[in-house]
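The values are calculated or read from the model by the stated rules, or taken from the named source; none is laboratory data. Source: prediction; values computed, not measured. Note that each Cβ is placed from the backbone with ideal geometry, even for glycine, and that neighbours are counted across all protein chains shown.
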Amino acid sequence: MFGKTSLEGKTALVTGASSGLGVDFAKQLAAMGARVIVVARREQLLQQLSVDIQDEFGTPAEYRCCDLSDAGAREALAADLASAGIHIDILINNAGFGLFGDFRHTEWQRTDQMLQLDIVALTHLARLFVNPMVENGYGRIMQISSVGAFQPSPGYGAYSAAKAYVLSFSHALHYELKGTGVTSTVVCPGVTETEFLRVSGQARNRFHNATMMSSREVARMALKRTLKGRPEIVTGLINAINAFQVRFMPRQLLARIAAMAMKYEAQNDS
């Protein structure tokens, strides 16, 4: 999968591992010989993934059922791993979700939950595991952002802003970690064949069909760059071109283009 890349002796923690990208990250890491620990809320799916990894790769796979939007649960996870003598070499900060619709009409509880998971949990997990990595002289942290991070996205306003935070945070962390043997890589995928659209509440459209990538391919590209210690990857040529172009365009024009691509129409009160 990655030529001669071997992760024998390395331990990887994959969050949001019950479906989509998380599943493919876990399987591809196991294929390279890593000890894989998967984390999510849906225990039955984690159990099945653990069995699949063991059967397919002969590599022990462990799971922890955990609601990462809860700070206490995150701290308990880190403490549990530390007490078991498990050192995390690779952190895949993948847990998160999006919400589609007018910000003013979106249920605040769901918006708050999204921000807690997409921003706070991601940042907290990086903080919990980065210092042990530095002490060990090696570590790879992958932060999942989105191509939506590069522009305002009506209908995904809070989500795209959260992903812009991840983009900026990861680049700053990567710089701070220079010379430590630890790196932070931000991954900015476009539309990916996962549960994202269903969970967000957006119907699939022609734009999605034209640009969608498989989660397996996105995971492969993301892991390759992360393991090399690169600061950023935008997956897919079209996505990479678009992410570059938007840097030179007015933000309100970008918002209009994004709204057209997402088939978004403002929900005006009648």
Going by what's in this entry, would residue 42 be described as out of contact with any helix residue (DSSP H, G or I) (no Cβ under 8 Å at 6 or more places or on another chain), of a type in the set (Lys, Arg) and under 21 Å from residue 114 (Cβ atoms)? yes
Just need a number here: residues in the stretch 92-114 that are out of contact with any strand residue (DSSP E or B) (no Cβ under 6 Å at 6 or more places or on another chain), surrounded by 19 or more Cβ atoms within 10 Å (Cβ to Cβ), within 29 Å of residue 80 (Cβ to Cβ) and not small (Gly, Ala, Ser). 1
Which one is surrounded by the most Cβ atoms within 10 Å (Cβ to Cβ) among residues in the stretch 174-204 that are assigned to a helix (DSSP H, G or I) and either among the hydrophobic types (A, V, I, L, M, F, W, C) or modelled with pLDDT under 95 (or both)? 196
Looking at the stretch 117-136 only, could you name the residues that are buried (at least 18 other Cβ atoms within 10 Å of the Cβ) and either under 20 Å from residue 215 (Cβ atoms) or not aliphatic (A, V, I, L, M) (or both)? 117, 118, 122, 129
Segments classed as helices (runs of 4 or more DSSP H), wholly inside the stretch 1-111, with at least 1 members that are among the basic types (Lys, Arg) and within 26 Å of residue 214 (Cβ to Cβ): 20-31
Take residue 262 and tell me if it is out of contact with any Leu (no Cβ under 9 Å at 6 or more places or on another chain), surrounded by 14 or more Cβ atoms within 10 Å (Cβ to Cβ) and modelled with pLDDT under 75. yes
Given the criteria of a type outside the set (Asp, Glu) and farther than 14 Å from residue 231 by Cβ, does residue 146 qualify? yes
Go through the stretch 217-244 and give me each residue that's modelled with pLDDT under 85 and either among the hydroxyl-bearing types (Ser, Thr, Tyr) or surrounded by 13 or more Cβ atoms within 10 Å (Cβ to Cβ) (or both). 236, 238, 239, 240, 242, 243
Residue 164 versus (1) in a helix (DSSP H, G or I); (2) within 12 Å of residue 91 (Cβ to Cβ): which is the lone unmet condition? (2)
Taking the condition within 16 Å of residue 154 (Cβ to Cβ), loosely packed, with under 14 Cβ neighbours inside 10 Å and modelled with pLDDT of 75 or more, does residue 267 pass? no
Would you mind finding the one in 7, 49, 99, 68 that is closer than 25 Å to residue 224 by Cβ, touching a residue at least 40 places away in the same chain (Cβ under 8 Å) and in contact with a helix residue (DSSP H, G or I) (Cβ under 8 Å, 6 or more places away or on another chain)? 7
Considering each of 105, 87 in turn, give the residue that is touching a Pro at 6+ places or on another chain (Cβ under 8 Å) and touching a residue at least 60 places away in the same chain (Cβ under 8 Å). 87
Can you name the condition, by its number, that residue 139 falls short on among (1) surrounded by fewer than 23 Cβ atoms within 10 Å (Cβ to Cβ); (2) farther than 18 Å from residue 188 by Cβ? (1)
Members of the stretch 222-249 that are under 16 Å from residue 170 (Cβ atoms), part of a helix (DSSP H, G or I) and free of Cβ contacts under 8 Å to residues at least 60 places away in the same chain: 225
